[in-house]
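Here is the structure we will look at, set down as structure tokens.
The values are calculated or read from the model by the stated rules, or taken from the named source; none is laboratory data. The model shown is predicted, which means the values in this text are computed figures rather than measured ones. Ideal geometry is used to build each Cβ from the backbone, glycine not excepted, and the neighbour counts take in all protein chains shown.
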Amino acid sequence: MNRWACHDRIFHARDEKGNSLPPNSIGELWYKSQATARAYIYPKELNSTIFFEGWYKTGDLGKIDEDGYVYLLGRKSSMINVAGLKVDPAEVENTILKIEGVKETAVVGIPYAMSGQAVKAFVVAFDKLNEMDIINHCKKELANFKVPRFVQFIDKLPRTKTGKVLKKYLIN
């Protein structure tokens, strides 16, 4: 989690309806400053989804504490929607990384008829682990809807040249 003090911008954490949230509540970060753009020239159709009355909707999830420090927690678009409940892939990934023998992991949402999306974990392991090792550990630490329904062991995660995991290749 990263923390910034921003003195030249006004930040707000907002809920899905655009209402300002109290300190330490997680929501989408919106900001405005004198340097904030007011609209895109191209493509114009994005303006209504990104700008609102001088505010810029970042698409980042975060919170702002009582002292005005901004905490960046992830991307709104990466959230997994399980029957209307939001799952942050990073939370599930951090839980799986606590398991002895796990080298790395990536968590994605996949289409699932029962709930819209299901949580799927891709795991690279040092040691011999099985699907139930991962699921049982997650059941101890996470709410039931956040527990991976599917676990797939792979040799390595697909990455960009700079090391970022390419989750889009895991979904397809």
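A few points about this structure:
- Selection status of Val70, β-branched (Val, Ile, Thr) and not assigned by TED's automatic domain parsing to the domain that holds Thr49: no
- Being touching a Phe, Trp or Tyr at 6+ places or on another chain (Cβ under 8 Å), surrounded by fewer than 16 Cβ atoms within 10 Å (Cβ to Cβ) and assigned to a strand (DSSP E or B) is a property that does not hold for Lys86.
- Checked against the criterion of being outside the structural domain of Ala39 (by TED's automatic domain parsing), over 19 Å from the mean Cα position of the chain (by Cα) and of a type in the set (Lys, Arg), the candidates Lys156, Lys86, Lys120, Lys164 yield just one match: Lys156.
- Candidate set: the stretch 15-71, residues that are in a loop (DSSP other than H, G, I, E, B) and hydroxyl-bearing (Ser, Thr, Tyr); chosen: the one surrounded by the fewest Cβ atoms within 10 Å (Cβ to Cβ): Tyr42
- Members of the stretch 122-172 that are small (Gly, Ala, Ser) and in contact with a strand residue (DSSP E or B) (Cβ under 7 Å, 6 or more places away or on another chain): Ala125
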